């Protein structure tokens, strides 16, 4: 975003300024590097850069890699980082020590856990999900069903999931907070219903972890995956994480028998023996620079009170919905997300037939949200760095774009690679 494109904005009203001044999380914004004047409402797609990350990466490159070289696997505990950072993430998602490991991508972790779950659920053929789930979740399930030949992916609307679980359901695979609508599913109720039918449940936490409260163990969850580059602020392409409930760890075996998941990786023996506990779900050598960056983002979130994060997420998103529905009434927008915060995550989506162009016009005004096909513009609210004045200004900019039809420019119709 070029600073030249950021327009002069009206000063927020006194009550909005007071909300920022009284925000107990206001000090966290300074712990991120954010361009001056930019309103960044896309942390649900790529989190902002923690201010401590560049220096930490420089130290890792110059000292740990540059000076200590291979010795850093021991002296700086590179080898233990996937489990160490996994234990930290566990504190954000209601898991216990030894139940989370950082590894690979969400897609690869889905493949690992789905395959392990299907093997454990012998005699059951179906992976149950909802249409419109995040594409990689559905693609991985489809590919696995083709590969195995005797398994199938079945999709039903989210409201019908519980009724659809039957004796052939091996695993229910759902996203806790929907990537497009922001709808939050009832993890406890769905998990309990699946267990009553003998099925396992795999939750995708990519739009939950670090943004809203998650209680995997409190809900009796079996399996979960999540991404490191959204609300965890780990940077583009940050490694993902996976969760396996302790009670299942000795029953499940990863189909990707990589050397880092071996019981004794440095014995270099020919035959695979799965490691103990969550370690067996590691695969290849961890990407240390990315993992170090992710740890900075996770540590930053752990410094904040999770109750305050949740309360501010609610306040920011409620304020935005009210603002848009008041100031943009009659201009073609319709709320896609659930109205009640209890039923949604920390992003809000509106539909409009020209959503793509509206998104581009907002970016040209220094308000960064994103577009999801075919007609949704999303706005993410990251409580550690989003201010109430940002939300007020975003609503003002959106109203102006719609009232003046600023979106109706040939420049905004050109589709970019990433939206």
What ranking do 101, 363, 301, 165 get, fewest neighbouring Cβ atoms within 10 angstrom at the top?
-> 363, 165, 301, 101
Volume per residue, Å³, of the convex hull around the alpha-carbon atoms of segment 159-273?
-> 136
Max mean-square fluctuation residue, GNM over the chain, Cα-Cα springs under 10 Å, options 150, 87, 343 = 150
Candidate values (1) 86, 48, 38; (2) 67, 57, 40; (3) 94, 56, 43, label of the one derived for Cα extents along the principal axes in Å = (2)
If you average 1/r over every pair of different alpha-carbon atoms in segment 77-302 and take one over that average, what Kirkwood value in Å do you get?
-> 17.4
How many angstrom separate the Cα center of segment 220-284 from the Cα center of segment 394-419?
-> 43
At 0.692 mPa s and 37 °C, Stokes D of segment 75-192 from Kirkwood alpha-carbon radius, µm² per second = 209
Does segment 326-419 come out rounded, prolate or oblate by the C-alpha gyration tensor, with a ≥ b ≥ c the root eigenvalues, rounded set by a/c under 1.5 and, if not, prolate when a/b is larger than b/c and oblate if not?
-> rounded
Going by how many other Cβ atoms sit within 10 Å of their own, how do 278, 16 line up, fewest first?
-> 16, 278
Pairs of Cα atoms farther than 17 Å apart, segment 40-83, % = 50
Just the number, please: percent antiparallel of the DSSP beta bridges in the chain, rounded to the nearest 5.
-> 55
Distance in Å, no decimals, from the C-alpha centre of segment 27-56 to the one of segment 107-141 is 34
Neighbour-count ranking for 115, 419 (other C-beta within 10 angstrom, fewest to most) reads 419, 115
For helix 106-120, report the angle its Cα long axis makes with the longest principal axis of the Cα atoms of the chain; keep it between 0 and 90° and round to the nearest 10°.
-> 40
Isotropically averaged projected area of segment 230-337, using the convex hull of Cα atoms (one quarter of hull area), nm² = 11.0
Take the chain, connect every pair of alpha-carbon atoms lying under 10 Å apart with a spring to form a Gaussian network, then pick out the residue of 213, 338, 13 with the largest mean-square fluctuation.
-> 13
So what's the back-of-envelope 222 nm ellipticity for the chain, counting only DSSP H runs of four-plus at -39500 (n - 2.57) apiece and dividing by all residues, rounded to 500?
-> -10000 deg cm²/dmol
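Each reported figure results from applying straightforward, stated rules to the coordinates on display, with no laboratory input. Since the structure is predicted, the reported quantities are computational estimates derived from the model, not experimental observations. Virtual Cβ from ideal backbone geometry, glycine too; neighbours counted across all protein chains shown.
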